[in-house]
1. Do any trypsin sites (Lys or Arg not before Pro) in the range 852-927 lie in a loop, going by DSSP, with at most 16 other beta-carbon atoms within 10 Å of their beta carbon, and if so which?
2. If you build the convex hull over the alpha carbons only and average its shadow over all orientations, what do you get for the range 758-858? Give it in nm² to one decimal.
3. Which whole-percent values make up P(r) of the range 381-557 when all C-alpha to C-alpha distances are grouped in 5 Å steps starting at zero?
4. If you take every residue apart from Gln183 with its C-beta less than 13 Å away from the C-beta of Gln183, what net charge results, scoring Lys and Arg +1 and Asp and Glu -1?
5. Hey, how many Å between the Cα centroid of the range 13-39 and the Cα centroid of the range 177-210?
6. Which pairs, out of Lys341/Lys679; Lys400/Lys515; Lys437/Lys734, put more than 20 Å between their alpha-carbon atoms?
7. Rank by packing, highest mean first: peptides 929-937, 815-823, 19-27, 677-685, with packing defined as the count of other Cβ atoms within 10 Å averaged across residues.
8. Add +1 for every Lys or Arg and -1 for every Asp or Glu among the other residues with Cβ under 11 Å from the Cβ of Pro284, and state the total.
Amino acid sequence: MFEPSDIPRLFGVAPGVDFPAALIAGLRTRLDGQPPQAMAQVDLIVNTRRMARRLREIFDAGPPGFLPRVRLLTEVDTLVPGITLPPATPSLQRRLELIQLISCLLDADPKIAPRASLYALSDSLAGLIDEMQGEGVSAQQIADLDVSDQSGHWERAKQFLEIAHTYLDRMSSQPDTEARQRQMVQRIAANWENEPPEHPVIVAGSTGSRGTTSLLMQAVARLPQGALVLPGFDFDMPRHLWGMLESEQPPEDHPQYRFFHMMKALDVTRPQVTDWAEISPPSPARNALVSLSLRPAPVTDTWLSEGPKLVDLDLATEALTLVEAPTPRIEALSIAMRLRKAVEEGKTAALITPDRMLTRQVTSALDRWNILPDDSAGTPLQLSPPGRFLRHVANLFVRKLDAEALLTLLKHPLTHSGDGRNNHQLNTQRLEMQIRKDGLPYPNAEGLTRIGAKVAAGIEDPEGFLSWIAWVAETFGTSHTSPARDLSDWVETHLGLAEQIAAGEPRDPQHELWKLKAGQKAHEVMENLRTHAAHGGVMTASDYADLAGSLLGTEEVRDRNAPHPHVMIWGTLEARVQGAELVILGGLNDRTWPEAPPPDPWLNRQMRLKAGLLLPERRIGLSAHDYQQAIAAPEVMLTRAIRSDEAETVPSRWLNRLENLLNGLPDQKGADAMRQMRKRGAYWISQTEALEAFTRTDPAPRPSPRPPVPARPHTLSVTEINRLIRDPYAIYAKHTLQLRPVNPLVQSPDAPVRGIVLHRVMELFIKSVRGDPTLLSKAHLLNVTDEVLAEEAPWPAARLMWRARIERVADWFITQEQTRQAYSSPVLFEKAAKGTIEFKDLGFTLNGYADRIDRTEDGDALIYDYKTGTPPSKKEQQFFDKQLLLEAAMIEEGGFKELGPTPVAHAAFIGLGSTPVEVAAPLDEEPPAAVLAGLRKLIESYLSQDQGFTSRRIVKTEDAAGDYDQLARFGEWDGTTPATPEDLT
């Protein structure tokens, strides 16, 4: 294939040229006139599996012929017969061993790092070890670094690096994947020095950015029939400037630096690198423009000398579109609309970006046109249904089961995914509504059985539901938390519980957990963990859940159903070996493209340079190379969002360079070319705005519905009278529309619950004191408080806070209670103290419960109501909060049958908040007769067809939230908006 040569062979393919197509074209040209089997004798080594598939597709398209032997850079075992090594130690086994070593170090000295950072540290250290092996850097070289900064950080880092030293000592006898790959490459290179192959060996598509890959490429280039084909080689950069890439501080962020590094290692000069296929790029003028814009920083002044030589800037930029969207959402929609247009035009189009959030937004936007892009990255396994399911199950071991976690799992599509799934969903809905109604913050077997009995009493098939709830109680109702255990035990328990939940009540083995591509991949990950669990040692539940989630997070699954053949989403690596008629470079903002270098907890930049490890700039240089290749496509759209969700963004450095160069070339109309790029981008933003345009509707009026009189409420409680005065619409929604607010799934220790607990404490305490006056003491009050809190408040923190509040007011309350019981005795409590009064001519009934009614020796009644907050003042009671006044009127009218008509001598709110206080009701200012007359007038008004139930009529504060504010569309109007009556039929 190649003529004899004394220098290594390096070929390049210009940016923008379809690399796989050019590679095959060059092969066929060089083998023209040779026997057909000559192609089959070529060893072609490529860098990605996707490129290997693309090469196969091009060969399959014809003409007929043999295929070369295509292999990956990571699969060189059969490259040289007779050279082999034992299989590498599985990476998971190595990682588990590393975790154990770090865990022991943290246990020995907890000050080194928090336990929560165990997996982050192990991942970071594993990455450093892989890098050291790939670059051929020993742990001793790291330890011998001259560090003048004797800070505690370096001393702590050295303790972890000792672990790396111990780990690397085993590599010669038990190599892992990275170590084995380097050993294989070294043996192959040594063999080729003595017995070079006679057939062609070609490495194509790699930049040689990693040390082991670079070793193999150098060995191939020195073969008699060896060659390197470099992708995206910049033939437009003047030859004399290549030498500028060598300096004390090498510009590794330049896109061509890796090629210069390879040329230097092989002692090859720029003129000795030739074009592999001599295929012209889509726009040579654009390649020249981009090449100049990316000059190394030390020679950016060449813009002044080379810029005026650029020609045809309008031709170079006519297929470039710059979209500067105001928000990420508009950017995603603009990209989606351009992709949709490409589908209509019959073009192949690809979005290239490292921003996975942007790709998800674009995919979602394309869904409205039923376009499913072919996303090369797939979906992270941890976000797939099996991944989420397994993580939810693992979390059952970590914390006490609450209602939210229970319903999350019961509603998961893989739960009870075998026979009887429909009944399971129905029963789950029934259980959820009962939990919301009764409250069950922390479900256990007893609680689930109790609440399930209530549900079963009201349905047609109680036996089936009770059988199902027994399965739920058995599966979830027992505590799955436990102390530290062997990893093997955790894995078996985890998988056993996961399959039990997936199989459901009938224990159906044909559940869906391990089916489809995502399920198969999840099963593969968990089985791999089961296989190597013996190397994991002892773990806590939290450690195991973190490990399982981390392993699931490292895998991806491509489970697409018939994606569109002409719409692709590529990562930057995939884009290097692909070709599309339209290329969209998305997310061109600094710290996105290029991405910000990840933090390195071990070595700073100078230490990495001295040790021979990868510098942060190398990653930026690779991204720059990807950008230079992608922007050379036939048609390109460059997109960025001016603002992110938090702040204004900074354009990508490459975009800035391109703009600055064009704006600095007025004689060649560079600034006008930039304006035209923006103008084309503005068109797509305007199309997006048109797509998103909407017709503004008038805000909703402040409602004041007037339903028919028969549909109005004819029975209210004394506490609802307050609501009728302040927010009549809430009474209409509750009684006329029969709407009830749905309680939160997870009951929280809020004010209503605190009030219920307080009332229960006071009722039990006063009842016990009535039976035995000697119990009127602070100690007994706190004992009763502890009993009630243990039964009614399952929140440990809330129990402590509520007990402390009662303890603060206990002395005050006991003193006041001694005074009260000196002249009266409690006779009725909340459940028994029910009163009723009727206005028969109006057809209206008022009822209510009193917290506590005492009676004096003279027969007078005393009414008390407990408040956890601030009691209403006398003025508030006169005009709004009529509760005690109405209860007093009901007692005097004989509304409480247990008492009969009795005069009321006193009524008061007992405030047990942070400042205890007793606020008496204004019985003298508001006598019972006046209160009932006022009530009659109020009810007559609201039983009149002319009176509307106005929303938030006289609320106490403007920010007070009501249960029915959303129904009333509060927010579209406010308290200054006049009510709009509406007659209903």
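Read the figures in this text as sums done on the coordinates, not as results from a lab. Fair warning: this is a prediction, and the values are worked out from it, not measured in the lab. Backbone-built Cβ (ideal geometry, glycine too); neighbour counts: all protein chains shown.
1. Lys897
2. Hull-based average projected area comes out at 8.8 nm².
3. The percentages, shortest bin first, are 1, 8, 17, 20, 19, 15, 10, 6, 3, 1, 0.
4. Summing Lys/Arg as +1 and Asp/Glu as -1 gives 0.
5. About 22 Å separates the Cα centre of the range 13-39 from the one of the range 177-210.
6. Too far apart for the 20 Å limit: Lys400/Lys515.
7. 19-27, 677-685, 929-937, 815-823
8. It works out to a net charge of -1.
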